[in-house]
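The values are calculated or read from the model by the stated rules, or taken from the named source; none is laboratory data. Just so it is clear, the structure is predicted and the values come from calculations on it, not from any experiment. Ligands, DNA and RNA are stripped out before the accessible areas are found, and what is left, the full protein with its side chains, is counted by its heavy atoms. Shrake-Rupley method; radii C 1.70, N 1.55, O 1.52, S 1.80 Å.
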Amino acid sequence: SNGVVLITTKKGTKGATKFTFTASAGFQTLEKPDMAKASEYEYVLKSRYINDGNVPMYVGYNGITDAEGTDWWDETMRKTALIHNYNLSFSGGTDKLLYSASIGYFGQDSQYKIGNWQKFTARFSMEYTFNNIVKAGIDFTPNCERKINPLIGSILINGVANKPYSSVFFAIRAV
């Protein structure tokens, strides 16, 4: 079907000023994948060489325990991440002047232990009717965003691919 879609924005309405406030919050979660522990990793790595009739070229510990290993998922990921949103608006008007304004904040923590997203938005609208023919108005919509993103793919890929026997921090040795 043919037609025209007309998009209009919120405007004030004649009457007393009306205030509205909304808030919401929630949590996002990621299910932890089943990953090899340090002893399982050592066993599979050594078995690969033995099954092929070769001497294992494993350069890690011999007989490593899971307690000595690193759970890279727990080291890099949060169990839950907060999401929250707040909006305050008001609108009103007279026969000649209509006005509305809103301000908002949105925040979302990253599932990674570092990083988040914050967004501030605002909208201001005013319309004045001079007579039945002439009407003038202004709409102003500023916004500001701030994202702190680590190298997203690198953290997730490295967190899953890192050897479970490697340490989170490297020891610094004096020479």
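Annotations
- Selected residue (criterion: modelled with the highest pLDDT) from residues of the stretch 23-82 that are more than 20 Å from the chain's Cα centre (by Cα) and among the β-branched types (Val, Ile, Thr): ILE50
- Leading residue by the ranking (nearest to THR17 (Cα to Cα)) among those in the stretch 103-142 that are small (Gly, Ala, Ser) and open to solvent by less than 40 Å² (accessible area, probe 1.4 Å): SER125
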